[in-house]
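S.K.: Below you'll find the structure I mean.
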Protein chains: 2
Amino acid sequence: MQTEDFRSAAHEIVDWIADYLENPRDLPVLPDMQPGDLVSRLPGSAPEQGEPMGRILEDFHKLIVPAVTHWNHPRFMAYFPSSASPPGVLGEMLSAALNTNAIVWKSSPANTELEMVTMGWLRQWLGLPEEFFGIIYDTASVGTMHAIAAAREMADPEARNKGATRGLTLYASQQAHSSVEKGAIAVGVGRENVRKIPADAEFRMRVDALVEAIETDRKAGLKPFCVVATVGTTSSTSVDPVAEIVQVAEKYGLWCHVDAAYAGAAAILPECRWILQGAERAHSLVVNPHKWLLTPADLSAFFTRRPDILRRAFTLVPEYLRTSQDGKATNFMDYSIAMGRRFRSLKLWFVMRSYGKEGVAEILRRHIGMGQRIAAAVDADQRFERVSPTPFSVVCFRYKGSDEENRALLDRVNATGKTFLSHTELNGRFVIRFAIGNVGTTQQDVDEIWSLIQQLAP
Amino acid sequence: MQTEDFRSAAHEIVDWIADYLENPRDLPVLPDMQPGDLVSRLPGSAPEQGEPMGRILEDFHKLIVPAVTHWNHPRFMAYFPSSASPPGVLGEMLSAALNTNAIVWKSSPANTELEMVTMGWLRQWLGLPEEFFGIIYDTASVGTMHAIAAAREMADPEARNKGATRGLTLYASQQAHSSVEKGAIAVGVGRENVRKIPADAEFRMRVDALVEAIETDRKAGLKPFCVVATVGTTSSTSVDPVAEIVQVAEKYGLWCHVDAAYAGAAAILPECRWILQGAERAHSLVVNPHKWLLTPADLSAFFTRRPDILRRAFTLVPEYLRTSQDGKATNFMDYSIAMGRRFRSLKLWFVMRSYGKEGVAEILRRHIGMGQRIAAAVDADQRFERVSPTPFSVVCFRYKGSDEENRALLDRVNATGKTFLSHTELNGRFVIRFAIGNVGTTQQDVDEIWSLIQQLAP
């Protein structure tokens with residue numbers, strides 16, 4: 001592909017992206033397709049000869065776009081909505097072209113240092129103390145796995161050399177993300193050694209039950225080593241009492257990891273600062289700018305007060321990566337399984353500068369306001385009930401009927417293509433989640449979706 | 001940021017990228033800076049108010065570009081060179097804007113199905129049989145860790161629930177990548193249980209020594225469970241005898257993982273097909289299109305004949321991710337630690353279609369040809385010696401002098417800014433690596449760099 005062909009194709013793509021960002025509402029949020037539909041429309045083999053970009057782009061528009069679930073659509077209300085904000089997309093364009101790989105400082109100083117700077121900025125926005133070291137991973141699941149590995153390193157420093165020993169036990173609420181269990185499986189702790197601590201009526205970890213579980217395990221000769229507190233659980237966005245959990249962790253010598261992947265962003269707002277109270281004494285914390293901080297995936301920010309332990313768990317420097325800056329510069333590969341690192345901080349730098357702290361705060365406040373309004377609307381309609389508090393912008397509710405009726409209602413709503421909401425289970429019942437978080441979402445979007453739900457209810 | 005501001009900034013960025021791709025030689029490959037230089041030039045806090053994009057782009061050009069090590073420069077000859085090829089960059093631009101997240105099939109069918117299709121295409125290019133299941137991870141280190149976890153699942157199915165047991169032993173050559181050891185540490189196997197099998201004079205794993213190590217461990221009551229063969233080692237790009245290693249793995253019931261992160265791409269060439277001979281019987285294999293297949297990072301392709309075991313090691317499906325397509329569609333999150341997955345296959349699809357198999361083959365052949373020419377040039381200059389065979393396009397050589405003289409020579413070459421070469425250690429001696437692999441590299445680039453090395457030699 002010649003540079004001039006690249007230039008014209010890239011300009012064409014930019015216009016498509018600009019139109020897409022400006023007017024996404026023409027597209028159905030969920031594609032109308034069955035498993036295998038796209039596979040069957042694509043050739044079984046790659047071409048022998050190169051094809052012109054025009055044909056590839058034609059297929060992109062004809063085949064790919066209609067098979068996409070539009071996460072960047074303002075009416076995407078499923079899971080945790082995210083935003084490929086305009087400045088974030090610009091940052092990604094430049095990262096792709098530079099294609100730098102920050103294995104060690106020298107292999108691209110800009111990557112390492114901009115990661116340090118943006119993680120420092122974000123740390124300040126979240127109100128965490130300066131001693132927290134920041135590093136970017138691809139996802140919160142991977143971050144949490146690193147936290148569990150660091151916790152293992154603290155509790156059982158021999159594991160790195162001799163292998164994991166059985167008997168380490170880990171604690172998280174019943175409402176914690178599945179990545180906690182997955183991380184425990186991966187590092188060799190084992191699923192049976194993950195204690196799912198009961199939650200209270202508002203889906204927050206019960207600290208009395210945590211203490212009881214730790215005491216029981218200690219009496220049984222097991223070694224409690226890690227507790228994960230969640231700030232914004234995946235089902236209902238409940239907030240565990242971090243300060244109390246940290247206190248328990250301190251008492252029993254456990255590593256405390258805070259999974260604030262979704263809701264951590266809200267700590268930018270003074271009125272939400274309480275959600276991270278106590279986190280300043282936690283060992284590690286993960287928050288995902290690619291969820292609620294306007295940054296395209298993948299960008300998960302991991303902070304730890306004990307980078308020394310994280311480093312001890314993961315450092316291994318082969319000769320071919322030794323440099324004369326070792327000891328003087330940060331080499332992020334020392335703190336992660338992945339050795340290669342693309343230039344992820346660039347898009348975060350674009351986002352943080354383009355919106356500024358107040359700009360971001362204004363958007364989060366708007367989302368929370370819309371969430372509160374939907375919560376009130378649910379409460380006002382006798383046919384529906386909210387099943388959990390709404391601390392942020394995710395509203396969990398159900399139609400007062402059977403699980404089947406709720407499932408059918410959700411399917412009818414999603415089948416319109418006008419929105420995409422997802423579900424969860426709370427107290428053993430099927431629950432619809434109305435999650436607000438895309439940068440383009442307006443009050444009108446939210447109101448129309450609620451009307452749609454009301455219309456389609458039995 | 002308004003859409004029209006996005007549109008004009010994006011067009012401006014496209015022109016910069018096109019110029020960058022067209023004429024990168026004006027830029028020094030390695031930046032002239034010390035650790036902390038960029039940090040000191042950036043503000044200590046993010047702005048309160050948003051800033052105009054013009055100012056951000058100005059800083060990008062003034063502060064970031066001069067701090068970048070230019071991996072996409074045709075004279076980048078360090079580590080393993082890579083390419084953000086024009087079609088790859090176009091694919092990334094679209095992925096960033098769509099910002100889809102393929103957690104489960106439904107959460108973006110296009111992501112899942114295009115990943116299946118492109119992994120199938122790549123499998124064919126590599127000559128692997130149809131039974132191989134493909135999945136994209138971010139890096140080969142992460143892929144290798146997943147292979148080791150799957151191997152553990154095969155050998156010790158109780159580990160998932162009960163935790164890892166000690167005594168599992170893993171085998172890889174002394175020349176294997178550090179990610180093998182890191183993966184073993186992460187999953188709880190322990191560093192002491194990684195056997196580094198001696199290599200022969202050409203840096204290939206000695207199969208007799210492998211068998212001996214396995215026998216010794218078995219006699220000691222340990223449980224050999226995994227062997228990693230490398231196709232294209234990081235230091236010298238040597239190729240382990242995969243077919244023989246697979247045979248040993250079969251005999252002793254070990255999982256055989258093939259780390260072909262760098263050189264696997266060459267299997268596209270009929271004359272290089274031998275490098276993966278036997279891999280069709282391996283359990284898993286990793287090859288990085290973001291190394292030598294013209295694709296921007298991050299895109300590491302992982303193939304396994306036993307997706308059932310990989311899935312058993314990693315699947316955990318919370319209620320909120322159950323869908324009516326479960327059982328009918330592939331949900332890639334079942335096969336990985338990371339739950340979120342950005343739309344990585346799109347750029348690979350652009351690259352494979354834009355170049356075609358023959359276009360890619362032609363570029364790889366050109367790189368290998370240039371590598372052979374440098375190898376011959378080294379051989380022809382009495383002051384230098386090659387220290388390993390050159391099966392691909394990485395030439396390992398040294399000035400016939402002390403390690404210090406070689407290190408100083410390398411520093412002088414890199415200080416010119418005209419190229420960036422890295423080093424390694426072979427047979428206990430400092431070795432310079434001349435690695436060719438960027439799409440823009442010409443014979444003239446390579447010849448001029450070799451002349452520069454000759455001029456700067458003592």
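Derivation of every value follows stated rules applied to the coordinates shown; laboratory data play no part. Small disclaimer: the values here were computed from a predicted structure and weren't measured. So basically every Cβ, Gly included, is an ideal-geometry build from the backbone, and we count neighbours across all protein chains shown.
S.K.: Treat each spin label as a single point 7 Å out from the Cα along the C-beta direction, and report the B:LEU63 to A:GLN455 distance in nm.
M.R.: Taking the simple label geometry, B:LEU63 and A:GLN455 are separated by 5.0 nm.
S.K.: Measuring label to label, 7 Å along Cα→Cβ, what does B:ARG412 give against each other copy in nm, shortest first?
M.R.: Copy-to-copy label distances for B:ARG412: 8.1 nm.
S.K.: Continuing with the same structure: What is the spin-label model distance, in nm, from B:ALA380 to A:MET33 if the labels are put 7 Å beyond Cα along the C-beta direction?
M.R.: Between B:ALA380 and A:MET33, the label points sit 5.4 nm apart.
S.K.: Would you work out which of A:THR112, B:THR118, B:LEU310 lies farthest towards the positive end of the dipole of the protein assembly as shown, given +1 charges on the beta-carbon of Lys and Arg and -1 on that of Asp and Glu, about the Cα centre?
M.R.: About the Cα centre, the residue reaching furthest to the positive side is B:LEU310.
S.K.: How would B:GLU202, A:GLU92 line up from fewest to most surrounding beta-carbon atoms within 10 angstrom? Walk me through the numbers on the way to the answer.
M.R.: On the way: B:GLU202 11, A:GLU92 28.
The order, fewest Cβ neighbours first, is B:GLU202, A:GLU92.
S.K.: If I take the rotation axis that carries chain B onto chain A, which residue of chain B has the nearest beta-carbon, and at how many angstrom?
M.R.: B:GLY188, 1
S.K.: Would you kindly derive the ³J(HN,Hα) couplings of the stretch B:356-370 from the backbone phi angles with the Karplus curve 6.51 cos²θ - 1.76 cosθ + 1.60 (θ = phi - 60°), listing them in order in whole Hz, with x for Gly and Pro?
M.R.: x, 4, 6, x, 5, 4, 4, 5, 4, 4, 4, 4, 5, x, 5
S.K.: Next up: Please name which of B:TYR20, B:HIS290, B:ALA150 has its Cα lying farthest along the dipole of chain B towards the positive end, using unit charges on Cβ (Lys, Arg +1; Asp, Glu -1) and the Cα centre as origin.
M.R.: Of the options given, the answer is B:ALA150.
S.K.: For the stretch B:4-53, which GluC sites (Glu not before Pro) are both in a DSSP coil and crowded by at most 15 other Cβ atoms within 10 Å? Don't skip to the answer; put the middle values down first.
M.R.: Values: sites: B:GLU4, B:GLU12, B:GLU22, B:GLU48; in loops: B:GLU48.
Passing sites in the stretch B:4-53 are B:GLU48.
S.K.: Let me ask another. How much net charge surrounds B:ASN111 when only other residues with a Cβ under 11 Å from its Cβ are counted (Lys, Arg +1; Asp, Glu -1)? Please list the in-between numbers first.
M.R.: Numbers: positive: B:LYS106, B:ARG341, B:ARG342, B:ARG344; negative: B:GLU113, B:GLU115.
The answer is +2.
S.K.: Moving to a separate point now. If you place +1 on the Cβ of every Lys and Arg, -1 on the Cβ of every Asp and Glu, and leave all else neutral, what size is the dipole of the stretch B:100-342 about its Cα centre, to the nearest 20 Debye?
M.R.: Numbers: 27 positive and 27 negative charges, 106 e Å.
Once rounded to the nearest 20, the dipole reads 500 debye.
S.K.: Another question about this same structure. Choose one of B:ALA78, A:TYR399, B:TYR171: the residue whose Cα lies farthest towards the positive end of the charge dipole of the protein assembly as shown (beta-carbon charges +1 Lys, Arg; -1 Asp, Glu; about the Cα centre).
M.R.: Of the candidates, B:TYR171 comes out farthest on the positive side.
S.K.: Another question, then. List the trypsin sites (Lys or Arg not before Pro) within the stretch B:321-393 that DSSP assigns to loop and that have no more than 16 neighbouring Cβ atoms inside 10 Å. Can you show the working numbers first?
M.R.: Values: sites: B:ARG322, B:LYS328, B:ARG341, B:ARG342, B:ARG344, B:LYS347, B:ARG353, B:LYS357, B:ARG365, B:ARG366, B:ARG373, B:ARG383, B:ARG386; in loops: B:ARG322, B:LYS328, B:ARG341, B:ARG342, B:ARG344, B:ARG383.
Sparse-neighbourhood loop trypsin sites (Lys or Arg not before Pro): B:ARG322, B:LYS328, B:ARG383.
S.K.: Which of the GluC sites (Glu not before Pro) found in the stretch A:117-169 are in a DSSP loop and have at most 10 neighbouring Cβ atoms, other than their own, within 10 Å? Walk me through the numbers before you get to the answer.
M.R.: Numbers: sites: A:GLU130, A:GLU131, A:GLU153, A:GLU158; in loops: A:GLU130, A:GLU131, A:GLU158.
Filter output for the stretch A:117-169: A:GLU130.
S.K.: I've got another one for you. Less than 11 Å Cβ to Cβ from B:VAL446, Lys/Arg counted +1 and Asp/Glu -1: what total charge do the surrounding residues give? The partial results should precede the final answer.
M.R.: Numbers: positive: B:ARG75, B:ARG366, B:ARG373; negative: B:ASP445, B:ASP447, B:GLU448.
Every neighbour counted, the sum reads 0.
S.K.: Please work out, to two decimal places, the log10 of the ratio I(q)/I(0) at q = 0.11, 0.23 Å⁻¹ from a Debye calculation in which every Cα of the stretch A:53-133 carries one identical scatterer.
M.R.: Taken in order of the listed q values, log10 I(q)/I(0) reads -0.55, -1.13.
S.K.: Let me ask you something else. Distances in nm, one decimal, shortest first, from A:GLU319 to the same residue in every other copy, taking the label point 7 angstrom along Cα→Cβ.
M.R.: When each copy's label point is compared with this one, the spacings are 5.7 nm.
S.K.: Size of the dipole of chain A about the Cα centre, Lys and Arg at +1 and Asp and Glu at -1 on the beta carbon, nothing else charged, in debye to 20?
M.R.: Numbers: 49 positive and 54 negative charges, 234 e Å.
Dipole about the Cα centre, nearest 20: 1120 debye.
S.K.: Say a label goes 7 Å from Cα toward Cβ at B:GLU250 in every copy; what distances in nm does this one have to the rest, shortest first?
M.R.: 6.1
S.K.: Determine the calculated [θ] at 222 nm for chain B from helices alone, applying -39500 (n - 2.57) to every DSSP H run no shorter than 4 residues and normalising by the residue count; nearest 500 deg cm²/dmol.
M.R.: On the way: 15 runs with 191 residues, N = 458.
Using -39500 (n - 2.57) per qualifying helix, the result is -13000 deg cm²/dmol.
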